[in-house]
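The values are calculated or read from the model by the stated rules, or taken from the named source; none is laboratory data. All of these numbers come straight from a predicted model, not from anything done at the bench. Glycine gets a Cβ as well: all are built from the backbone with ideal geometry, and neighbour counts include every protein chain shown. Heads up: the accessible areas ignore ligands, DNA and RNA and are worked out on the full protein's heavy atoms, side chains in. Shrake-Rupley method; radii C 1.70, N 1.55, O 1.52, S 1.80 Å.
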Amino acid sequence: MSAGATTPPSQERHDEHRQRRSGRRLLRILIVVAVLVLALLVGWLPHQKRNKEVDAKARQQQNSVPVVEVQVVHAASAEQELTLPGTVTPLKSAHIYAQASGFLKARYVDLGDTVRKGQLLALISTPELDALVSQQTAMLQQSKDGVLTAQATLRLQQATYDRVHPLVLHGILSKQEDDTALAAVESAQSNLEAAKSAVKAAQAAQVHAQSMADFEQVRSPIDGTVTARNVEVGSFVSASGGALGTTPVPAAGFTGGPPTGGAQGGQLFDVVDLRSLEIFVSVPEQDAPFVETGQTVDLTFSEMPGQTFTGKVIRSNDSLSQQSRTLLAEVQVSDGQHRLRPGMFASAQMHYRAPNPGILIPGDSLLTLARGEFVPVVENNVIQMRPVHVGRDLGTQVYIVAGLKDGDLVVVNPNDLVKEGLHVTTRAAPKGQQGEAGSSAAGRGAEEGSQNRNGGGS
């Protein structure tokens, strides 16, 4: 073997070392690539799995049919009940004011006393009126004395004429003396008539003065109970009105007793007949046509649970208030046992028969849209937006008088997805969301709901 064909040992070692170094670098690269691939598989595969699950669920929801809660509605009973609030007020009451100015001389009644018609409540001291009565009485007596004088003068002149006239007829006296005697009789007659007229004028003046003096006696115009007393002995009272009003100002050191001493220009006493009371109720416009005079009303009071009083509608104002669109009705109730008191809150239940009460639905089922009022109804699992006409609105429940029929399946509390032609599946609404067509619904008639409801759909 030649020398050029032989590889030196050093060269072989160098090639072997270079191959080893290249193998280690390739191994490190493969390890890094394997780690990256493993990390990618660990992070990407679960994410991809979740994406597939979300896509599958979205496709399932997209292909599924919405579920809506429904209720079968029926025609309401013609026997309707309406509950309205009211306040007990006295049918007969008297706010007694002073009709003569002066100082209160005596007071004979106090709060809670029962008084009769014409009973003396207090006495006002008015010396000016007393003096005026005495003056007019004296003038009346003077006028009556003038009549007596005129009568005596007339009799004297008549006697003189009776003596003169025969002598004139026999020519003993002249015609002039006859005329003079006759004129004296006529003058005396005129003076008598004038005296009688003066008596009538004096009598009228005396009656007027006595009538004014009678106002010193404060009397009750009705039978009843004293419910307010705003005066005390020594208080100044004014017939012209001193502008202190009916609410007296308590004096310094007020001890908590009944307010007194503020009657100048205000009322002295309040007298109320507690046997006959009345309650004013405001009847909504939808129910106003059914209110009639003589109609009975059941009255209940929270202070007397379990007790019902029977009242009767005695009158109404026959017109609706432009502010509240209600009819004011007056209900009278008698309470011989004095259990009811003015100011008590009353619940008045009015019963009547409505010719077309309509169909009672939950209030949330009524949608108010730009083009009108609608109720979503399900027929053959398809939503129909029925245009309706609303009757009585009880707030949580509404009477529909046109647009629905008995047995319709109404969507309860529809959302924005409920639209015309939408295919749905149904389930019964919970009892708490269903509108009950019984007396409990009508019993909430005092809760008039808003006519503007923000429903979903378009």
- From 69, 81, residue being in contact (Cβ under 8 Å) with a residue 60 or more places away in the chain, outside any helix (DSSP H, G or I), touching a His at 6+ places or on another chain (Cβ under 9 Å) and among the charged types (D, E, K, R): 81
- Sort out which residues of segment 411-425 are surrounded by fewer than 15 Cβ atoms within 10 Å (Cβ to Cβ) and among the β-branched types (Val, Ile, Thr), and write them in order of number. 425
- Task: Could you please tell me which pairs satisfy a Cβ distance under 7 Å, a separation of 6+ or placement on different chains, a first residue in segment 88-107 that is within 30 Å of residue 339 (Cα to Cα), and a second residue that is among the hydroxyl-bearing types (Ser, Thr, Tyr)?
- Result: 91/276; 92/276; 94/220
- Query: What is the number of the single condition among (1) open to solvent by 50 Å² or more (accessible area, probe 1.4 Å); (2) modelled with pLDDT of 85 or more; (3) not aromatic (Phe, Trp, Tyr) that residue 96 does not meet?
  - Reply: (1)
- Message: Within segment 396-410, take every residue that is open to solvent by 20 Å² or more (accessible area, probe 1.4 Å) and assigned to a loop (DSSP other than H, G, I, E, B) and give me the one that is nearest to residue 431 (Cα to Cα).
- Response: 396
- Message: I'd like the full set of residues that are open to solvent by 30 Å² or more (accessible area, probe 1.4 Å), under 30 Å from residue 145 (Cβ atoms) and among the β-branched types (Val, Ile, Thr), limited to segment 162-196.
- Response: 180
- Message: Based on this model, can you work out whether residue 131 counts as exposed (fewer than 15 other Cβ atoms within 10 Å of the Cβ), modelled with pLDDT under 90 and touching a Lys or Arg at 6+ places or on another chain (Cβ under 8 Å)?
- Response: no
- Note on the structure: If we ask which residues in segment 111-122 are open to solvent by 40 Å² or more (accessible area, probe 1.4 Å) and either without any contact (Cβ under 8 Å) to a residue 12 or more places away in the chain or not in a loop (DSSP other than H, G, I, E, B) (or both), their number turns out to be 2
- Filter segment 49-59 for residues that are modelled with pLDDT of 75 or more and not charged (D, E, K, R); which is most open to solvent (accessible area, probe 1.4 Å)? 54
- Task: Filter segment 296-311 down to residues that are assigned to a loop (DSSP other than H, G, I, E, B) and within 15 Å of residue 334 (Cα to Cα) and give me whichever is least open to solvent (accessible area, probe 1.4 Å).
- Result: 301
- Item | When residues of segment 335-350 are limited to those that are open to solvent by 10 Å² or more (accessible area, probe 1.4 Å) and at pLDDT below 85, the one nearest to the chain's Cα centre (by Cα) | 338
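For every residue, the table says whether it meets (1) touching a residue at least 12 places away in the same chain (Cβ under 8 Å); (2) hydroxyl-bearing (Ser, Thr, Tyr); (3) in a helix (DSSP H, G or I).
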{"site": "139", "(1), (2), (3)": "yes, no, yes"}
{"site": "167", "(1), (2), (3)": "no, no, yes"}
{"site": "173", "(1), (2), (3)": "no, no, no"}
{"site": "179", "(1), (2), (3)": "no, no, yes"}
{"site": "192", "(1), (2), (3)": "yes, no, yes"}
{"site": "197", "(1), (2), (3)": "no, yes, yes"}
{"site": "203", "(1), (2), (3)": "yes, no, yes"}
{"site": "226", "(1), (2), (3)": "yes, no, no"}
